[in-house]
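Student: Structure provided below as structure tokens; questions to follow.
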There are 2 protein chains.
Amino acid sequence: MPGLSTKADEVARILEDEIVSGAIPQGQVLRQEHVCERFGVSRTPVREALQRLEALGLVTALPNRGARVRSISTAELREAFLIRAELEALATSQAAPRMTAEDLARLDAAEERFAELTLDLRRQMRSGDLRDSSLVVGWMGANHAFHDVIYEIAALPRVEQLAKSARRSFIGEHVWNARGELDELFARNDMQHRAIREALAAGSAEGARVLAREHVLSSGRLMEAALDLAAAKTRPPDWLPSEQPI
Amino acid sequence: MPGLSTKADEVARILEDEIVSGAIPQGQVLRQEHVCERFGVSRTPVREALQRLEALGLVTALPNRGARVRSISTAELREAFLIRAELEALATSQAAPRMTAEDLARLDAAEERFAELTLDLRRQMRSGDLRDSSLVVGWMGANHAFHDVIYEIAALPRVEQLAKSARRSFIGEHVWNARGELDELFARNDMQHRAIREALAAGSAEGARVLAREHVLSSGRLMEAALDLAAAKTRPPDWLPSEQPI
DNA sequence: TGTCACGAAACTGGATCCAAGCCGAGTGAT
DNA sequence: ATCACTCGGCTTGGATCCAGTTTCGTGACA
């Protein structure tokens with residue numbers, strides 16, 4: 001059989017992708033029985049998968065009352081960006097004195113691919129609006145790939161894990177709501193990546209640290225502004241009862 | 001029955017305490033069946049508990065081969081201190097502009113209690129050696145309590161959670177091996193806490209950030225030195241096969 | 001005597017069965 | 001008419017059962 005891993009792993013991985021990509025909306029309640037018949041497994045691995053998602057912070061589970069996909073507030077999103085900024089700064093500063101020529105080449109390759117996708121996406125946005133969110137997801141992947149090279153060089157596996165977890169806070173609707181500000185983000189990210197690259201090439205740990213930190217923080221500020229804007233447009237009147245928090 | 005929580009929660013909480021305190025040594029293999037009969041429950045909640053511990057990073061689970069309590073290397077311990085330094089710095093800088101008079105009073109109370117325990121412990125260490133590790137555990141708790149006040153003021157729940165997780169890397173044997181350096185640590189921690197307190201009282205976010213960061217980093221350096229020393233004393237000859245890494 | 005192969009025991013992962021808790025509808029009392 | 005209580009369905013948590021896999025021990029053969 002496809003013994004690559006356990007069934008609980010498979011289920012958890014797929015559900016995670018669907019939650020992060022927004023295919024499963026925030027606030028959705030996940031019934032064990034329902035997930036069971038969808039994946040053709042029994043409830044045992046489904047329960048394990050849901051627990052793993054809870055550990056990742058993607059769902060909240062209340063005893064005897066099931067699991068619900070977390071609604072990530074703008075406050076939590078802001079905190080996630082703050083955390084990521086510090087962790088990226090740490091990893092980048094640690095990577096600076098370890099850079100080899102080969103590392104630099106890999107970083108350049110990742111940055112080049114990111115720049116390509118950025119150009120594609122900007123063209124796409126100018127010509128029509130952005131109906132296909134998979135393009136954005138792909139672009140975000142290339143963005144992450146650049147930073148992943150740095151993580152690998154820094155050799156701080158736990159930092160890498162935590163930062164990737166923080167990335168997952170920016171999911172689903174957030175991406176869609178922030179799409180209006182993406183064009184601005186594109187140009188800035190590209191420049192900032194190149195600046196970080198230069199600092200790393202120069203072996204300046206402190207320079208790389210400051211640049212990486214500011215890079216993430218500025219992205220966070222932009223996203224926050226975009227989400228506030230989107231919320232102002234689409235928020236229901238204040239007198240309507242808001243979605244009850246589980 | 002005491003329906004305050006599920007049995008899996010109970011088992012996980014107890015096992016976590018025992019691993020962190022060192023009652024269950026690193027490298028120990030946890031057999032599901034064995035844990036079952038010890039707690040008088042079936043294997044289902046035990047499996048959930050072990051999975052939760054794996055998510056916390058306290059055990060590693062190998063497919064079809066059980067769960068083993070992680071051996072935390074000095075490299076991982078060093079990384080944990082680096083992470084905690086950044087997170088503490090972040091939380092402390094965020095807390096600085098939010099301090100109220102009441103907050104400051106709570107901080108002083110926590111620091112006072114910490115100073116008391118520190119004095120007790122130093123006396124104890126001078127008079128005889130430190131046979132009872134529970135004193136050290138209590139002292140560490142008071143140390144953490146000081147920082148917990150800051151976390152609460154900073155209102156960054158995720159940062160708090162991650163930092164507490166990083167604390168758990170310093171467990172069991174580490175504490176015991178580092179006991180020789182505790183006296184040195186005591187005096188420094190007290191001074192550094194007071195310095196952080198003053199920066200917070202002055203509302204200096206950047207000052208508090210730098211002090212908090214240096215506070216954790218200096219503790220990390222001291223622990224690292226102590227552990228290297230302990231390892232040099234007790235390490236088996238290099239030609240003996242070391243404990244196989246699971 | 002050393003090595004390899006076969007087999008049994010034991011352990012984990014998955015499925016199914018049972019009990020206990022939450023929620024809502026319906027009914028009766030005030 | 002409204003509030004409170006109870007009863008029943010539905011869902012989750014826990015226990016037990018079954019299958020697949022790993023490991024260890026024993027025995028046979030080179």
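Student: Roughly how many Å is it from the Cα centre of the range B:42-64 to that of the range B:86-151, as a whole number?
Tutor: Going from one Cα centre to the other spans 32 Å.
Student: Moving on. The range B:44-115: D in µm²/s via Stokes-Einstein (Kirkwood Rh, Cα pairs, 20 °C, 1.002 mPa s)?
Tutor: 135 µm²/s
Student: Let me check I've understood the local charge: for A:ALA105, count other residues with C-beta under 12 angstrom from its C-beta, Lys and Arg +1, Asp and Glu -1. What total comes out?
Tutor: Within the 12 Å Cβ shell, the charges total -3.
Student: Hey, can you grab everything whose amide H is under 5 Å from the amide H of A:VAL59? Only 5+ residues off in sequence or another chain; H modelled, so Pro and N-termini drop out.
Tutor: It is A:GLU54, A:ARG70, by chain and number.
Student: Additional query: Suppose a student asked you for the relative contact order of chain B, using Cα pairs under 8 Å spaced at least 6 residues apart; what percent would you report?
Tutor: In percent, rounded to a whole number, it is 27.
Student: Which ³J(HN,Hα) values in Hz, rounded to whole numbers, follow from the phi angles of the range B:158-168 under the Karplus curve 6.51 cos²θ - 1.76 cosθ + 1.60, where θ = phi - 60° and Gly and Pro get x?
Tutor: After applying 6.51 cos²θ - 1.76 cosθ + 1.60, I find 5, 4, 4, 4, 5, 5, 5, 5, 5, 4, 5 Hz.
Student: Continuing with this model, one more query. Mind checking the dipole of chain A: about its Cα centre, +1 per Lys or Arg Cβ, -1 per Asp or Glu Cβ, Debye to the nearest 20?
Tutor: In debye, rounded to 20, chain A gives about 540.
Student: Specify the inter-centroid distance of the range A:202-228 and the range B:169-189, based on alpha-carbon positions, in whole Å.
Tutor: 36 Å
Student: When all alpha-carbon pairs of the protein assembly as shown are counted, what percent fall beyond 44 Å?
Tutor: 18 percent
Student: Now a separate question. Using the alpha carbons of the range B:137-185, what is the convex hull volume per residue in cubic angstrom, as a whole number?
Tutor: Taking the convex hull of the Cα positions in the range B:137-185, it is 75 Å³ per residue.
Student: Next question. May I ask you to list the residues of the range B:146-168 whose amide nitrogen lies under 18 Å from a point 7 Å from Cα along the Cα→beta-carbon direction of A:THR60?
Tutor: Answer for this model: B:155-162.
Student: Another question about this same structure. Principal axis extents for chain B, Cα atoms only, whole Å, descending order, please.
Tutor: Per principal axis, max minus min of the Cα coordinates gives 56, 49, 31 Å.
Student: Here is a further query. What residues have an amide H closer than 5 Å to that of B:GLY22, excluding those fewer than 5 places away on the same chain, when H is modeled at 1.01 Å from N in the peptide plane?
Tutor: HN-HN under 5 Å from B:GLY22: B:GLY172.
Student: Follow-up. What ³J(HN,Hα) values, in whole Hz, does the Karplus curve 6.51 cos²θ - 1.76 cosθ + 1.60 give for the range A:52-68 when θ = phi - 60°, with x put for Gly and Pro?
Tutor: 5, 5, 5, 4, 6, x, 8, 10, 10, 10, 10, x, 6, 10, x, 10, 10
Student: Separate question: What size of dipole, in debye to the nearest 20, comes out for the range B:169-220 about its Cα centre when the only charges are +1 on Lys and Arg C-beta atoms and -1 on Asp and Glu C-beta atoms?
Tutor: So the magnitude is around 180 debye.
Student: Take peptides A:171-180, A:82-91 and line them up by average Cβ neighbours within 10 Å, highest first, as a rough protection proxy.
Tutor: Output ranking for A:171-180, A:82-91: A:82-91, A:171-180.
Student: What percentages make up the Cα-Cα pair-distance distribution of the range B:10-71 when the bins are 5 Å wide from 0?
Tutor: 4, 20, 34, 29, 12, 1
Student: In terms of modelled amide H atoms, which long-range or inter-chain residues lie less than 5 Å from the amide H of B:LEU30?
Tutor: Long-range HN contacts for B:LEU30: B:ALA67, B:ARG68, B:VAL69.
Student: How are the C-alpha pair distances of the range A:77-205 spread across 5 Å bins, as whole percents from the shortest bin up?
Tutor: It works out to 2, 10, 20, 21, 20, 14, 8, 3, 1, in whole percents.
Student: Continuing with the same structure: What residue among B:ALA178, B:ALA142, B:ALA115 has its Cα farthest toward the positive end of the dipole of chain B, where the charges are +1 on Lys, Arg and -1 on Asp, Glu, each on the Cβ?
Tutor: B:ALA178
Student: Follow-up question, since we're still on this one. Quick one: putting +1 on the C-beta of Lys and Arg, -1 on the C-beta of Asp and Glu, what dipole do you get for the range B:2-144 around its Cα centre, in Debye to the nearest 20?
Tutor: For the range B:2-144, the charge dipole is close to 580 debye.
Student: Output the Kirkwood hydrodynamic radius of the range A:1-135, Cα pairs only, in Å rounded to one decimal.
Tutor: Here the Kirkwood hydrodynamic radius works out to 18.5 Å.
Student: Right, something else. What's the exposure ranking of B:HIS34, A:HIS144, A:HIS193, going from fewest to most Cβ atoms within 10 Å?
Tutor: Ranking B:HIS34, A:HIS144, A:HIS193 by Cβ neighbours within 10 Å, fewest first, gives B:HIS34, A:HIS144, A:HIS193.
Student: Can you list the HN-Hα couplings for the range B:193-199, worked out from phi with the Karplus curve (6.51, -1.76, 1.60; θ = phi - 60°), rounded to whole Hz and with x for Gly and Pro?
Tutor: So the Karplus estimates, Gly and Pro as x, are 4, 5, 5, 4, 4, 5, 4 Hz.
Student: Output the 0 to 90 degree angle, nearest 10, between the alpha-carbon long axis of helix B:101-127 and the longest principal axis computed from the alpha carbons of chain B.
Tutor: The helix B:101-127 is inclined about 60 degrees to chain B.
Student: What does the copy distance list look like for B:ARG179, label position 7 Å along Cα→Cβ, in nm and ordered from shortest?
Tutor: Label point to label point, same position, other copies: 6.2 nm.
Rule-based calculations on the coordinates, nothing more; no lab input. Just so it is clear, the model here is predicted, and its values are computed rather than measured. As a convention, Cβ positions derive from the backbone with ideal geometry for all residues, glycine included, and neighbour counts pool all protein chains shown.
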